[in-house]
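FYI, it's all coordinate maths here, none of it is from the lab. This structure is a prediction, so every number in the text was calculated from the model and none was measured. For neighbour counting, all protein chains shown are included, and Cβ atoms are generated from backbone atoms with ideal geometry for every residue, glycine included.
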Amino acid sequence: MSTAMKASLRVSRGAPGEDKRSELFEVPYEPGQSVLDALRWIRAQRDPTLAIRYSCTSANTCKECMLLVDGKTVYACTARLEPREMKVEPLANKALIRDLVTEIAPPDERL
Ligand code: FES
């Protein structure tokens, strides 16, 4: 096996009314992984309390995984993980629920 590469995600944590903070998580890096893959790995291996939202895990179907990576709005399931430090934050223009989850309209209101 080649030397394991790592990605580091600096993840914004907290709920409204709490101090804003971020936590740094190192995750194993594999080419082709998405930011959502890394966030799910963090939940499974490091911190099950990390709040994220997604339904489809691929290709913009549910649109629930939208968040900011390095300040840009992306779908976490299609944003490529890179072997460097990446900043992951909730959408800035939506009401924060907790960690990376913001208030979004239910699916039937989006149609
Ligand atoms: S998880 Fe459904 S669009 Fe990203």
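The table that follows gives values for the structure above.
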item	result
Residue within the stretch 33-51 that is in contact (Cβ under 8 Å) with a residue 60 or more places away in the chain and more than 8 Å from the ligand (Cβ to nearest atom) present	yes
Selection from the stretch 1-26 of residues that are over 23 Å from Leu96 (Cβ atoms) and crowded, with 19+ Cβ neighbours inside 10 Å	Ala7
Subset of the stretch 58-97 [touching a strand residue (DSSP E or B) at 6+ places or on another chain (Cβ under 9 Å), in contact (Cβ under 8 Å) with a residue 40 or more places away in the chain and more than 15 Å from the ligand (Cβ to nearest atom)]	Glu82, Pro83, Arg84, Glu85, Met86, Lys87, Glu89, Ala95, Leu96
Matching residues, the stretch 53-79, being of a type in the set (A, V, I, L, M, F, W, C), within 13 Å of Ile104 (Cβ to Cβ) and within 12 Å of the chain's Cα centre (by Cα)	Cys65, Met66, Leu67
Every residue from the stretch 30-60 that is over 13 Å from Val74 (Cβ atoms) and among the aromatic types (Phe, Trp, Tyr)	Trp41
Of all residues making up the stretch 19-55, the number that are in contact with a helix residue (DSSP H, G or I) (Cβ under 6 Å, 6 or more places away or on another chain) and within 15 Å of Pro83 (Cα to Cα)	2
Check on Leu100, crowded, with 16+ Cβ neighbours inside 10 Å, on the phi < 0 side of the Ramachandran plot and within 10 Å of the chain's Cα centre (by Cα)	yes
